[in-house]
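The next block holds one structure in the form of structure tokens; read it before the comments.
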Amino acid sequence: MSKYKKYTQEYRDEAVKMVLENDQPIAKVARDLGMNEGTLGNWVNKYRREHPSARSSLCRIVRGCGNSNARIANSG
């Protein structure tokens with residue numbers, strides 16, 4: 001019997017999606033799923049490294065990153 005728990009790729013993808021799309025802390029999602037926070041953190045970091053454009057798109061949609069400072073500077 002294996003010492004480590006195996007997770008399917010589909011499960012990993014869904015867990016990462018919960019963190020990124022719902023803007024929930026990794027610790028909370030890991031706790032809700034009954035898994036190690038470090039494991040989920042590794043999955044999220046790997047996804048972010050492999051999909052840098054997805055993160056910047058999400059950032060622009062959710063938070064308007066990069067645009068607020070330009071608006072403030074130009075409004076004066």
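Annotations
- If you go through region 18-34 and keep only what is closer than 16 Å to N45 by Cβ and among the small types (G, A, S), you end up with A27, A30.
- If the condition is being in a loop (DSSP other than H, G, I, E, B) and of a type in the set (A, V, I, L, M, F, W, C), then region 1-24 contributes only M1.
- Criterion violated by I72 - all others in (1) at pLDDT 55 or above; (2) loosely packed, with under 14 Cβ neighbours inside 10 Å; (3) not acidic (D, E) satisfied: (1)
- Unmet requirement for R31, which otherwise passes all of (1) touching a residue at least 12 places away in the same chain (Cβ under 8 Å); (2) out of contact with any Gly (no Cβ under 8 Å at 6 or more places or on another chain): (1)
- Residues satisfying the stated conditions in region 28-53, i.e. among the aliphatic types (A, V, I, L, M) and in a helix (DSSP H, G or I): V29, A30, L33, L40, V44
The values are calculated or read from the model by the stated rules, or taken from the named source; none is laboratory data. Keep in mind it's a predicted model, so treat the numbers as computed, not measured. Cβ sites come from the backbone with ideal geometry, for glycine too, and all protein chains shown count toward neighbours.
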